[in-house]
Amino acid sequence: MTTKAVKGDKSECRPETERLRPVVNQTRCEGATDCEIVCPYNVFEIRKLTSDERKALPLLVQVKVFAHGGKQAFVVRAEECHACGLCVTACPEKAIKLVKYSAL
C-alpha cells in the first residue's frame, strides 16, 4: 500500500551551507508526483516527455515510461532548492539524489 505525500512545510527545510541540487534519474522515475507534492519550493514539475526525450532513453525504460502515462519528474527550479531532502525521502522509485551544485 502506498501513501500519498503531503505538501512539505517550509519550516522543515533549512538551507545547507553547501549548495546541493536535486537530480532525477530518468531511468528510474515513474512520474509518481510525490516529489512535486512534498516540495515546498516548487522545484519539480511532472510532465510528459517529448518524443526526443523518450527516444534518448533505453528501450526498456521507454516501455516503462509508456506504461506510466509517459510522464516523469523534471527539476525546473533547481535554484529554489533548500536541500531539505523531502523529495529524496518521498520518491517511491528512489530516483532523486541531492548532489553538490559544482558537480552538475
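Please specify each residue of segment 25-84 satisfying the condition of being of a type in the set (D, E, K, R) and more than 12 Å from the chain's Cα centre (by Cα).
Passing the criteria: Lys48, Asp52, Glu53, Arg54, Lys55, Lys64, Glu79, Glu80.
So that you can scan it fast, the table gives a plain yes or no per residue for (1) among the aliphatic types (A, V, I, L, M); (2) under 18 Å from Pro22 (Cβ atoms); (3) surrounded by fewer than 16 Cβ atoms within 10 Å (Cβ to Cβ):
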site	(1), (2), (3)
Cys35	no, yes, no
Val38	yes, yes, no
Val43	yes, yes, no
Lys48	no, no, yes
Ala56	yes, no, yes
Leu60	yes, no, yes
Val63	yes, no, yes
Ala67	yes, no, yes
Lys71	no, yes, no
Next on the checklist: When you check Tyr101 against the structure, is it of a type in the set (Ser, Thr, Tyr) and modelled with pLDDT under 95, yes or no?
Outcome noted: yes
Item to check | Subset tally (residues that are buried (at least 17 other Cβ atoms within 10 Å of the Cβ) and not hydrophobic (A, V, I, L, M, F, W, C)) for segment 73-84 | outcome: 1
Next on the checklist: Residue under question is Ala95, and the condition is that it be out of contact with any Phe, Trp or Tyr (no Cβ under 7 Å at 6 or more places or on another chain), among the small types (Gly, Ala, Ser) and open to solvent by 20 Å² or more (accessible area, probe 1.4 Å); does it hold?
Outcome noted: no
Item to check | Of all residues in segment 1-33 being modelled with pLDDT under 60 and of a type in the set (A, V, I, L, M, F, W, C), the one that is most open to solvent (accessible area, probe 1.4 Å) | outcome: Met1
Next on the checklist: List pairs: first residue in segment 74-90 and at positive phi, second residue outside any loop (DSSP other than H, G, I, E, B) and buried (at least 16 other Cβ atoms within 10 Å of the Cβ) anywhere in the structure, Cβ distance under 6 angstrom, at least six positions apart or on different chains.
Outcome noted: Ala83/Leu20; Ala83/Leu98
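The values are calculated or read from the model by the stated rules, or taken from the named source; none is laboratory data. Nothing here was measured: the structure is a model prediction, and the numbers come from that model. Methodologically, a virtual Cβ is constructed for each residue, glycine included, from the backbone with ideal geometry; neighbour enumeration extends over all protein chains shown. These area figures cover heavy atoms from the full protein model, side chains too; ligands, DNA and RNA do not enter into them. Shrake-Rupley method; radii C 1.70, N 1.55, O 1.52, S 1.80 Å.
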